[in-house]
(Lines give C-alpha, C1' and ligand atoms only; values in the text may rest on other atoms or scores of the structure.)
Protein backbone atom coordinates (compact mmCIF):
# COMPACT_ATOMS: atom_id res chain seq x y z
CA UNK A 1 0.00 0.00 0.00
CA UNK A 2 1.49 3.34 -1.07
CA UNK A 3 0.82 6.46 0.99
CA UNK A 4 1.86 9.94 -0.12
CA UNK A 5 2.80 12.73 2.29
CA UNK A 6 0.74 15.87 1.63
CA UNK A 7 0.42 19.32 3.16
CA UNK A 8 -3.14 19.99 4.37
CA UNK A 9 -4.93 23.21 5.29
CA UNK A 10 -7.72 22.81 7.88
CA UNK A 11 -10.05 25.72 8.72
CA UNK A 12 -12.60 25.60 11.52
CA UNK A 13 -16.01 26.73 10.30
CA UNK A 14 -17.04 27.69 13.85
CA UNK A 15 -14.27 30.09 14.96
CA UNK A 16 -12.23 30.52 11.74
CA UNK A 17 -8.93 29.19 13.18
CA UNK A 18 -6.61 27.83 10.50
CA UNK A 19 -4.14 24.95 10.82
CA UNK A 20 -1.55 23.74 8.30
CA UNK A 21 -0.46 20.15 8.87
CA UNK A 22 1.26 17.31 7.06
CA UNK A 23 -0.73 14.15 6.54
CA UNK A 24 -0.83 10.92 4.60
CA UNK A 25 -3.07 10.30 1.60
CA UNK A 26 -4.61 6.82 1.28
CA UNK A 27 -6.45 6.70 -2.05
CA UNK A 28 -9.24 9.30 -1.56
CA UNK A 29 -8.77 9.95 2.19
CA UNK A 30 -6.25 12.25 3.93
CA UNK A 31 -5.28 11.42 7.53
CA UNK A 32 -3.51 14.06 9.65
CA UNK A 33 -4.43 12.85 13.14
CA UNK A 34 -6.24 16.16 13.73
CA UNK A 35 -9.04 15.67 16.30
CA UNK A 36 -10.50 19.03 17.36
CA UNK A 37 -10.09 22.79 17.19
CA UNK A 38 -9.17 25.06 20.09
CA UNK A 39 -12.87 25.99 20.36
CA UNK A 40 -13.73 22.28 20.99
CA UNK A 41 -15.28 21.83 17.52
CA UNK A 42 -14.80 18.21 16.41
CA UNK A 43 -16.81 17.99 13.18
CA UNK A 44 -17.27 21.19 11.16
CA UNK A 45 -14.01 21.72 9.22
CA UNK A 46 -12.98 22.75 5.73
CA UNK A 47 -10.09 20.49 4.70
CA UNK A 48 -8.10 21.00 1.50
CA UNK A 49 -4.72 20.04 0.19
CA UNK A 50 -2.35 23.02 0.44
CA UNK A 51 -0.03 23.87 -2.43
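The values are calculated or read from the model by the stated rules, or taken from the named source; none is laboratory data. All values derive from a computational prediction rather than experimental measurement. Glycine gets a Cβ as well: all are built from the backbone with ideal geometry, and neighbour counts include every protein chain shown.
If you go through region 37-51 and keep only what is surrounded by 14 or more Cβ atoms within 10 Å (Cβ to Cβ) and in a strand (DSSP E or B), you end up with 45, 47.
In this entry, residue 5 passes the filter for residues that are loosely packed, with under 14 Cβ neighbours inside 10 Å, in a strand (DSSP E or B) and either at pLDDT below 95 or in contact with a helix residue (DSSP H, G or I) (Cβ under 7 Å, 6 or more places away or on another chain) (or both). Going through (1) at pLDDT 95 or above; (2) touching a strand residue (DSSP E or B) at 6+ places or on another chain (Cβ under 9 Å) one by one, residue 16 falls short only on (2). With within 11 Å of the chain's Cα centre (by Cα), surrounded by 10 or more Cβ atoms within 10 Å (Cβ to Cβ) and part of a loop (DSSP other than H, G, I, E, B) as the only criterion, which of 19, 34 stands out? Answer to the check: 34.
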